[in-house]
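Working notes, beginning with the structure itself.
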Amino acid sequence: SFRSPELVILFTIVALGGITLAAYSVGLPPAIGALAAGIVFNGNRWSKQIDALVLPFRETFAAIFFVGLGLIFDPRQVWHDPLGVLAALLAVVAIKAVAATIALRATGLSFRRSFGMGIGLAHIGEFAFVLVLLGMQAGVLTEADYQRVVAIAVGSLVLTPPLMKAGLRMVQSGGEQVEQAPRPTRFFEEKLRAAVIGAGPIGRQVASQLEIFGHDVCLIDLSPINLHSFAQEGFRTVAGDATQRSILEMGEVHLSRLVAVCVPHDETALQVVRNARQVAPLATLVVRCRYQGNS
């Protein structure tokens with residue numbers, strides 16, 4: 001509520017350090033505490049704000065992770081036992097895809113969408129390296145077992161892009177319709193959900209004014225740079241082309257009761273208005289018009 005990125009960063013660092021220290025104090029690996037801290041911060045309004053604030057560091061740590069993975073990966077393991085590594089890799093991908101599909105299906109998703117998302121989650125995660133390293137240090141796993149797991153993990157990471165591409169294609173072709181939110185009888189009887197399309201000078205002013213009045217605002221813009229400062233302040237943001245219906249659905253325009261189209265070009269605004277009207281037929285549309293003749 002103070003709109004202070006510094007307070008959010010300070011609070012996040014203190015919380016992460018405290019949870020990690022608590023895990024270490026009870027004899028658990030610090031990585032377990034970091035995982036617990038991630039779970040605590042997941043799924044609330046702070047999640048996107050924290051993600052935007054740590055965005056400059058994320059790519060750096062991703063590069064460090066892959067460099068470290070290359071340093072511990074021994075290609076001789078694959079050379080000595082290619083069939084064993086391949087069979088284990090296929091088994092891991094199949095088991096994780098089936099498990100993820102079952103879990104997603106239990107949430108109410110269709111089988112097609114569950115399976116499409118499941119195969120995108122079939123790779124070995126980063127936390128597995130921590131568990132395997134702890135197992136080797138405790139004497140449960142040998143050095144050969146450790147190298148075998150690393151080889152399987154590298155193979156799963158290599159397969160991740162084509163698997164995710166196939167899964168997204170399957171999800172997008174699912175053909176499910178988005179349910180429309182019921183329109184309340186009074187316009188201001190509850191907190192208003194609004195979508196502002198276009199984070200230029202006018203869109204920023206509109207979003208700020210709506211937020212000042214206590215409304216839940218989502219900004220949609222083609223440039224992530226324009227959205228970065230708003231994401232740091234806790235706004236919901238979606239980067240993408242608003243002329244595509246999928247981007248409007250990601251921004252939950254179908255749940256918005258007010259849609260402000262603030263793009264600078266009238267032709268683009270017309271395309272956005274057509275898609276927004278299809279996605280949210282009951283919403284109130286406010287459109288910026290560059291030329292009076294196009295109004």
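Selection of helices (runs of 4 or more DSSP H) fully inside segment 33-104 by the criterion of at least 2 residues being of a type in the set (Val, Ile, Thr) returns 55-72. Residues in segment 232-265 that are at pLDDT below 85 and assigned to a helix (DSSP H, G or I): GLN232 only. Among the residues of segment 282-295, write down those that are open to solvent by 20 Å² or more (accessible area, probe 1.4 Å), touching a Leu at 6+ places or on another chain (Cβ under 9 Å) and not in a helix (DSSP H, G or I). Answer for segment 282-295, where residues must be open to solvent by 20 Å² or more (accessible area, probe 1.4 Å), touching a Leu at 6+ places or on another chain (Cβ under 9 Å) and not in a helix (DSSP H, G or I): THR284, LEU285, VAL286, VAL287. Do the conditions hold for ALA194, that is, is it at negative phi, at pLDDT 80 or above, surrounded by 13 or more Cβ atoms within 10 Å (Cβ to Cβ) and assigned to a loop (DSSP other than H, G, I, E, B)? Spelling it out, it is not the case that ALA194 is at negative phi, at pLDDT 80 or above, surrounded by 13 or more Cβ atoms within 10 Å (Cβ to Cβ) and assigned to a loop (DSSP other than H, G, I, E, B). Selection of segment 105-122 for residues being open to solvent by 50 Å² or more (accessible area, probe 1.4 Å) and either part of a helix (DSSP H, G or I) or within 26 Å of GLN147 (Cβ to Cβ) (or both) yields ARG105, ALA106, PHE111, ARG112, ARG113, PHE115, MET117, LEU121.
Taken together, the residues in segment 239-281 that are closer than 14 Å to ALA194 by Cβ and open to solvent by 20 Å² or more (accessible area, probe 1.4 Å) amount to 5. Exactly one residue out of ILE225, ILE220, ILE212 is modelled with pLDDT under 85 and closer than 25 Å to ARG290 by Cβ, and it is ILE225.
Answer yes if at least one residue in segment 142-163 is assigned to a loop (DSSP other than H, G, I, E, B), in contact with a Gly (Cβ under 9 Å, 6 or more places away or on another chain), modelled with pLDDT under 85 and farther than 30 Å from GLY234 by Cβ, and no otherwise. No, that holds for no residue. Count of segment 82-103 residues, restricted to those that are more than 18 Å from LEU157 (Cα to Cα) and at pLDDT below 85, is 0. Filtering VAL286, VAL259, VAL279, VAL273 for residues that are of a type in the set (A, V, I, L, M) and touching an Asp or Glu at 6+ places or on another chain (Cβ under 7 Å) leaves a single hit, VAL279. Restricting attention to segment 205-231, the residues that are part of a helix (DSSP H, G or I) and either touching a residue at least 12 places away in the same chain (Cβ under 8 Å) or in contact with a Cys (Cβ under 8 Å, 6 or more places away or on another chain) (or both) total 10. Could you tell me whether PHE41 is aromatic (Phe, Trp, Tyr), out of contact with any Pro (no Cβ under 7 Å at 6 or more places or on another chain), open to solvent by less than 70 Å² (accessible area, probe 1.4 Å) and farther than 28 Å from ALA144 by Cα? Here the answer is yes, as PHE41 does meet what is asked. Against the conditions (1) touching a helix residue (DSSP H, G or I) at 6+ places or on another chain (Cβ under 9 Å); (2) modelled with pLDDT of 80 or more, VAL178 satisfies every one except (2). Please work out if ALA36 is open to solvent by less than 50 Å² (accessible area, probe 1.4 Å) and either in contact (Cβ under 8 Å) with a residue 12 or more places away in the chain or polar (S, T, N, Q) (or both). Spelling it out, ALA36 is indeed open to solvent by less than 50 Å² (accessible area, probe 1.4 Å) and either in contact (Cβ under 8 Å) with a residue 12 or more places away in the chain or polar (S, T, N, Q) (or both).
PRO30 falls short on exactly one of the conditions (1) farther than 20 Å from HIS123 by Cβ; (2) surrounded by fewer than 12 Cβ atoms within 10 Å (Cβ to Cβ); (3) at pLDDT 80 or above, and that condition is (2).
Looking across segment 55-73, just one residue is under 14 Å from the mean Cα position of the chain (by Cα) and either open to solvent by 70 Å² or more (accessible area, probe 1.4 Å) or over 19 Å from ASN226 (Cβ atoms) (or both), and that is ARG58.
The values are calculated or read from the model by the stated rules, or taken from the named source; none is laboratory data. All figures in this text were calculated on a predicted structure; none of them were measured in a lab. Neighbour counts run over all protein chains shown; Cβ positions are idealised from the backbone, glycine included. Side chains are part of the model used for accessible areas, which takes the heavy atoms of the whole protein and leaves out ligands, DNA and RNA. Shrake-Rupley method; radii C 1.70, N 1.55, O 1.52, S 1.80 Å.
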